[in-house]
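Undergrad: Can you keep this structure in mind? I'll have questions shortly.
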Amino acid sequence: MRETVTEMSAKRYYMIIYLLMVIMIVGLYYKNPLYGEGHVGYYFHLLFAGLFSACILIYPKYKTRVLRWLIVLVSTLLFYTLFLVYPETGSTILLIYFIPAIAIIFFDKKLFYTSIILNHILIVGAIAYIISSGQESLYPNVTGDTVGNIITFIGSQVFLYFIFYYTSERIAKLKLYYEQVKHAERLKTTGELAAAVAHEIRNPLTVVKGYLQLYEQDESVNNTMKKSLPMLIEELDSAEQVISQLLSLSQPAKKLITENVDIQKAINSVAELLQSYGILNDNKIEVVVEADSFIEINKMELHQLLVNIVKNAIEASNVGGTITVTAKKIKDNMVEIKVTDQGIGMSEEQIALLGTPFYSLKAKGTGLGLMICNNIVEKYNGSIVYKSSKGNGTTVAICFPSKK
């Protein structure tokens, strides 16, 4: 289907281009006063018309930035040539007014602003040339009402800028909507996959884990084998945790009971829980929380959110690094929780992919932990922002509406 649409778009494009080329050819030869006169201006007209036709013909195959700039430049030269060489055709000045409109087609901000500035410079230069060469009488549409033409020209450029600005805003919103749709599709696919396989995987894992626990207590099993059993059970626990996360994505969200949660108590509880985990890498968790900060949330979901974020900070930290957890009230009746580490940090590209299913910077990560965190924050009208740079650590800022 997509290939058919592309083919139809290409056919329509070339139909318009061929029609435009026919019009330019007619303008070159049909009742052209300079045709066959050997006039230099006519040859410039022929040259720029040919270059413009060649550029727009090859553009669909080579959609490069250089070719876009070349199309705008050649069209500018062509329109100014028509304006200067054919003074008796007063309508050519309208082509000059709408030169930046060609850049709008490509939605290239730099190209559009450059064409606007270049157009102003060239129109001033063209008028100066007409006056200095004493050819005012040949351009009555320009020199007859210079002030009015200047106002019209400026107005046309402002109007084009208005069109470009609001079109760009609309396209930016459509891109954002498209990204949200793609994210929703990924979630849907992940949920369907989880629903299809999670239970089937969990059942044999439970059986295997049960037998391993029996062997661990069986005195007839030799000690050498027993030493490896805890590690095997631990790996099965990790696999079960991944499956539980998948199931939480596939199942519809249940209406959980919310309550006014004291942020200070919640953070201290998580810090106490993970303090021993941080000690493994000689990491320390520091907590600085403003008293009397409350949010309305399900206590277990907040706990899950904080554990995931702080645990990630510990795992990203260097040996001996400190993880700082702060919380305070900020403007607009919000409570901000910040988790800062001094670890390896992330690039902008990596930050953009955080929360994507199965994208993780950890060797054994699934990416589902942060995805669930994002869902929890969104569920309670909060926001989560990741700030990081390579080698300078990461700060995760989470905001929730404050409750008295």
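Undergrad: Per 0.36 nm of contour for each residue apart, how much would the distance between LYS175 and SER220 grow if the chain were fully extended, relative to their Cα-Cα spacing?
TA: 9.8 nm
Undergrad: Give the aspartates and glutamates whose C-alpha is closer than 20 Å to that of LYS299, dropping any in the same chain fewer than 8 places away, or say none.
TA: Within the straight-line cut-off, LYS299 pairs with GLU259, ASP262, GLU272, GLU290, GLU336, GLU378.
Undergrad: While we're here: Tell me whether segment 255-404 comes out rounded, prolate or oblate; compute the Cα gyration tensor, take square roots of the eigenvalues as a ≥ b ≥ c, and use a/c under 1.5 as the rounded threshold.
TA: It is prolate, given that a/c is not under 1.5 and a/b is the larger ratio.
Undergrad: Going down the list LYS173/LYS403; LYS182/LYS379; LYS265/LYS390; LYS338/LYS403, which pairs span over 26 Å between their C-alpha atoms?
TA: LYS173/LYS403; LYS265/LYS390
Undergrad: Using the Cα centre of the chain as the reference point, and only Cβ charges (+1 on K/R, -1 on D/E), how large is the resulting charge dipole? Debye, rounded to the nearest 20.
TA: 580 debye
Undergrad: Per the Debye formula with a single identical scatterer at each Cα and no solvent contribution, what log10 I(q)/I(0) holds for segment 273-319 at q = 0.16, 0.26, 0.33 Å⁻¹?
TA: -0.54, -1.02, -1.21
Undergrad: Can you match Rg/Rh (Cα atoms, Kirkwood Rh) to one of these, (i) 1.02; (ii) 1.21; (iii) 0.97, based on a calculation from the structure here?
TA: So the structure-derived entry is (ii).
Undergrad: Can you compute the modelled spin-label distance between ASN375 and PHE98, with each label point 7 Å from Cα toward Cβ, in nm?
TA: Rounded to a tenth, the inter-label distance reads 5.1 nm.
Undergrad: At 7 Å along the Cα-to-beta-carbon direction for both SER91 and GLU234, put a label point, then send me their distance in nm to one decimal.
TA: About 8.3 nm separates the two model spin labels.
Undergrad: For the pair TYR166 and LYS31, what calculated FRET efficiency results from E = 1/(1 + (r/R0)^6), where r is the Cβ-Cβ distance and R0 = 45 Å, to the nearest 0.05?
TA: Taking R0 as 45 Å, the efficiency between LYS31 and TYR166 is 0.65.
Undergrad: Now, a different point. Describe numerically, in nm with one decimal, the distance between label points set 7 Å from Cα along Cα→Cβ at LYS110 and at GLU136.
TA: About 4.2 nm separates the two model spin labels.
Undergrad: So how exposed is ILE56, as accessible area in Å² (1.4 Å probe, rounded to 10)?
TA: Counting only protein heavy atoms, the figure is 10 Å².
Undergrad: Given a Förster distance of 41 Å, report the FRET efficiency between LEU70 and GLU348 from their Cβ-Cβ distance, rounded to the nearest 0.05.
TA: 0.85
Undergrad: Need the full-extension length gain, GLN213 to GLU290, defined as separation in residues times 0.36 nm minus the C-alpha distance. One decimal, nm.
TA: Length gained, GLN213 through GLU290: 23.2 nm.
Undergrad: Sorted by average packing, counted as other Cβ atoms within 10 angstrom per residue and highest first, what order do 204-214, 306-316 take?
TA: With the highest mean Cβ count within 10 Å placed first, the list reads 306-316, 204-214.
Undergrad: Another one. Based on a Kirkwood Rh over C-alpha pairs, give the Stokes-Einstein translational diffusion coefficient of segment 41-85 at 25 °C and viscosity 0.890 mPa s in µm²/s.
TA: 230 µm²/s
Undergrad: Counting alpha carbon pairs within less than 8 Å and at least 6 residues apart, what relative contact order, in whole percent, applies to the chain?
TA: Over the chain, the number comes to 9 percent.
Undergrad: Next question. List nothing, just return the count: lysine pairs in segment 29-141, 8 or more apart or interchain, with Cα separation under 29 Å.
TA: Here the count comes out as 4.
Undergrad: Let me ask you something else. Sort 393-400, 264-271 by packing, meaning the average of other beta carbons within 10 Å per residue, with the highest value first.
TA: Per-residue mean Cβ counts within 10 Å order the peptides as 393-400, 264-271.
Undergrad: Which aspartates and glutamates, on any chain, are close to LYS209 with Cα under 20 Å apart, when same-chain ones fewer than 8 places away are left out?
TA: Straight-distance partners of LYS209: GLU200, ASP218, GLU219, GLU234, GLU235, ASP237, GLU240.
The values are calculated or read from the model by the stated rules, or taken from the named source; none is laboratory data. Bear in mind that the values here come from a model prediction, so they are computed numbers and not experimental data. Here the Cβ is made from the backbone with ideal geometry for all residues, glycine too, and neighbour counts use every protein chain on show. SASA here: full protein model, heavy atoms, side chains in, ligands and nucleic acids out. Shrake-Rupley method; radii C 1.70, N 1.55, O 1.52, S 1.80 Å.
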